[in-house]
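The values are calculated or read from the model by the stated rules, or taken from the named source; none is laboratory data. Treat the numbers as computed from the prediction; the structure is a model and nothing was measured. So basically every Cβ, Gly included, is an ideal-geometry build from the backbone, and we count neighbours across all protein chains shown. Please note that ligands, DNA and RNA were not included when accessible areas were found on the heavy atoms of the full protein model with its side chains. Shrake-Rupley method; radii C 1.70, N 1.55, O 1.52, S 1.80 Å.
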Amino acid sequence: MSAVDRVGIERAVWFGDAELIPDAHRAAGWTVAVDGISQSFVDLADPTYLKFPYVAWIAQAVDRHWPAGTAVSATYLGGAGCTLPRYVAATRPGSEQTAFELDEPLVELVREHLALDEVPGLEVRVQDGRAGIREAPDGSTDLVVLDVFRAGSVATELATVEFLTDIARVLRPGGLFAANFWDGGELEFALRAVAAVGEVFRHVLVLAEPAVLLRHRAGNIVVVASTRDLPKAGLDAWGAAAANRMSCLTLPQLAAVAGTAAPLTEATPHTTPVPPVRKERF
């Protein structure tokens, strides 16, 4: 079926109205959106194609953290179309992966139309990711990815020192944590979230477009962290390419550009509204 022959699919889900939108340029490409906000892009013919920049940033960090093709165990908080699990399954055969997605009707929609059950080694659990992490044994996974939004709102409660400590507990030594945050304005939430990550992990990098770090506009801020060195040189070189437009900063570099803030904790949550994720035009 060509791109022009396909039609979109709509369905009410727990956190809004979901759409599967066929891509005009890729015959097997689909955008998963909820209430007009893009959640995932999936290319059923090429799971290594990553349309959304922040997803590519996380993939680049994963690709440089372990040798190419090495299988990993991975845990995802937030699923939607499961773009990253598909990428890892394709590039690291034999990987065992678990995705926690609370929106059961959304999971069933993706399962029905976007071949979710055909992703090797992937189990999707309809469960709150925070509960899933708390139930996981110590040192049970190599990679944890946090990418949770509810109806376009940032789940700020998942960026506390306490919860990040629990994530560090389930990671194996030398494992990788990656989180996708969204912020704008003065980066009040993002700086507190980054500070919380820095309280838990020794090695931290922040990936974002320069305009976001300079507070010119809202956007994605990806944080990657580990107990061992991170591949900053490789990420710097990749991000410097004209097509990528991504800055990779250490915590001192981020402080020089954007300042610092007190870390998020359960006792001192973030109470200022975070700008909602912008709606996309397809």
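Centre-to-centre separation between the Cα atoms of the stretch 68-130 and those of the stretch 208-282: 25 Å. Counting pairwise Cα distances across the stretch 34-140, what percent come out greater than 15 angstrom? Of the Cα pairs, 64 percent sit more than 15 Å apart.
Out of [x] 13.7; [y] 34.8; [z] 14.5, which label holds the value of mean projected area of the Cα convex hull in nm² that was computed here? Computing mean projected area of the Cα convex hull in nm² and matching it to [x] 13.7; [y] 34.8; [z] 14.5 gives [x]. Relative contact order for the stretch 195-241: 38 percent, from Cα pairs under 8 Å spaced at least 6 residues apart, divided by residue count.
The Cα atoms of the stretch 202-269 give a gyration tensor whose axes a ≥ b ≥ c have a/c of 1.5 or more with a/b no greater than b/c, which makes the shape oblate.
With the other protein chains left in place, how much accessible area per residue, in square angstrom, belongs to the chain at a 1.4 angstrom probe? All intermediate terms of the calculation are to be shown ahead of the outcome.
On the way: 12150 Å² over 282 residues.
Per residue, the chain has 43 Å² of solvent-accessible surface.
State, as an integer percentage, the relative contact order of the stretch 138-259 based on alpha-carbon contacts under 8 Å between residues 6 or more apart. Reported relative contact order: 25 percent.
Net charge dipole, the stretch 1-113: roughly 480 debye, given to the nearest 20, about the Cα centre with Cβ charges of +1 for Lys and Arg and -1 for Asp and Glu.
Over all orientations, the stretch 140-282 has a Cα convex hull whose mean projected area works out to 9.0 square nanometres. Residues whose amide H falls under 5 Å from that of F181, counting only those 5 or more places apart or on a different chain, are I221, V222, V223, with hydrogens built in the peptide plane. Span-like helix check, the chain: no full DSSP H segment qualifies, none having both a Cα axial length of 15 Å or more and a mean Kyte-Doolittle of 1.6 or more.
Would you mind working out the magnitude of the charge dipole of the stretch 138-282 relative to its Cα centre, with +1 at each Lys and Arg C-beta and -1 at each Asp and Glu C-beta, to the nearest 20 Debye?
Numbers: 13 positive and 15 negative charges, 89 e Å.
Result for the stretch 138-282 is approximately 420 debye, rounded to the nearest 20.
Could you check how much of the accessible area of the chain is carbon and sulfur, as a whole percent, using a 1.4 Å probe? Here it works out to 53 percent. Backbone phi angles across the stretch 261-267, fed through the Karplus curve with coefficients 6.51, -1.76 and 1.60 (θ = phi - 60°), yield HN-Hα couplings of 8, 5, x, 6, 9, 5, 7 Hz in residue order; Gly and Pro are listed as x. The value for the stretch 145-226 of Rg(Cα) / (2.2 N^0.38 Å) is 1.05. Among the chymotrypsin sites (Phe, Trp or Tyr not before Pro) found in the stretch 96-168, not one is both in a DSSP coil and sparsely packed, with 12 or fewer other Cβ atoms within 10 Å of its Cβ. Dipole orientation for the chain: of the candidates L114, T91, V13, T91 has the Cα lying most toward the positive pole (charges on Cβ; Lys, Arg +1; Asp, Glu -1).
How big is the dipole moment of the chain about its Cα centre under a simple scheme where the beta carbon of each Lys and Arg is +1, that of each Asp and Glu is -1, and everything else is neutral? Debye, nearest 20, please.
On the way: 24 positive and 35 negative charges, 175 e Å.
The calculation lands at about 840 debye.
Out of the stretch 10-39, which chymotrypsin sites (Phe, Trp or Tyr not before Pro) are coil in DSSP terms and have no more than 11 other C-beta atoms within 10 Å? Let's see the in-between values first.
On the way: sites: W14, F15, W30; in loops: W14, F15.
Counting only loop positions with at most 11 other Cβ atoms within 10 Å, none of the chymotrypsin sites (Phe, Trp or Tyr not before Pro) in the stretch 10-39 qualifies.
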